[in-house]
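Data first, discussion second: the structure below is written as structure tokens.
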Amino acid sequence: MMNRSVIRTVLVIGDDPETIAKKYSADTEVESHLKLRRSDAASERQRHLSVLENILDNRDILELSVSQIETYKSEYHTILGMDDFVYYLHKTEGCYYDVETGDAYTTENPNAHYKCERCYQNRLTKFGEEGQFSNPMWLNDGSKSYSARLDDICWERNHLYGPSLDVYRRAWEVVVDGDEPVDERERKIKAQMSPRYFLNFGNKDEYAIRSCSFCCYGVATEDSYTEITYKDDDAEWEMSFYDRFVKGLNGNPLLTIYEVRSLED
């Protein structure tokens, strides 16, 4: 689920979040650099085909949708039908070429992992509005923010908050176990949530813990970017995210949540 989402959240760690977020964005132009050598077209084409073959061979493990499978199949057959030179032109579209070597150069960001990055802090401050796909963090003073120092964030409320866990466990009981709703909130849950959605979770506790864990799709720092991939298990990523990326942070860094779009969108 998570590794196939189009709109994603990224946790940016550092005192200059805007600069860090741009560092890994496809919307950021960089100095001209080599994208692909003309002599490497054949090996790059074969590598591309091998990646697509691996994805399609593991379609069941990756839980690809029918539309995703068809998209990968179409891409595979399109590339398979190209010769090396046509593939080279396809792969380097928009680049400019060295007149002597034919090598392709570009100003595209080679470290791009997403595009259209946006933090909703200004909108939250000015209008009290939150992003459609990203939630602000609860702070110790009871307010919310998309950007705050580590020690100012109320982790008790943002990560595995007891009352929220109870709500999600109760949702499972109402929708999956068939318990009768006892109030208006539970009646809405019963009416709006599909039992099929819960098939993505092993049991009630896993569903509650994953739903209430502080988690983002990726993490950006000045030095590196890390994100979930099709090889990662959604449950493990979501439930270990806080311990892996937040709990061991040194000092009192600034944490900022961005919404981004997939490069495949």
Through the Karplus equation 6.51 cos²θ - 1.76 cosθ + 1.60, θ set to phi - 60°, convert the phi angles of region 159-175 into ³J(HN,Hα) values in whole Hz; use x for Gly and Pro. 10, 6, 5, x, x, 5, 4, 4, 5, 5, 4, 5, 4, 4, 5, 6, 7
Reported label for calculated mean projected area of the Cα convex hull in nm² given (i) 19.3; (ii) 15.4; (iii) 17.4: (iii)
For the residues 116, 216, what sequence is obtained by ranking on other C-beta atoms within 10 Å, fewest first? 116, 216
Using only alpha carbon pairs under 8 Å that are at least six residues apart, calculate the relative contact order of the chain and give it in whole percent. 36 percent
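Only the coordinates and a few stated rules stand behind these numbers; no lab work does. A quick note: this is a predicted structure, and the numbers were derived from the prediction, not measured. Virtual Cβ from ideal backbone geometry, glycine too; neighbours counted across all protein chains shown.
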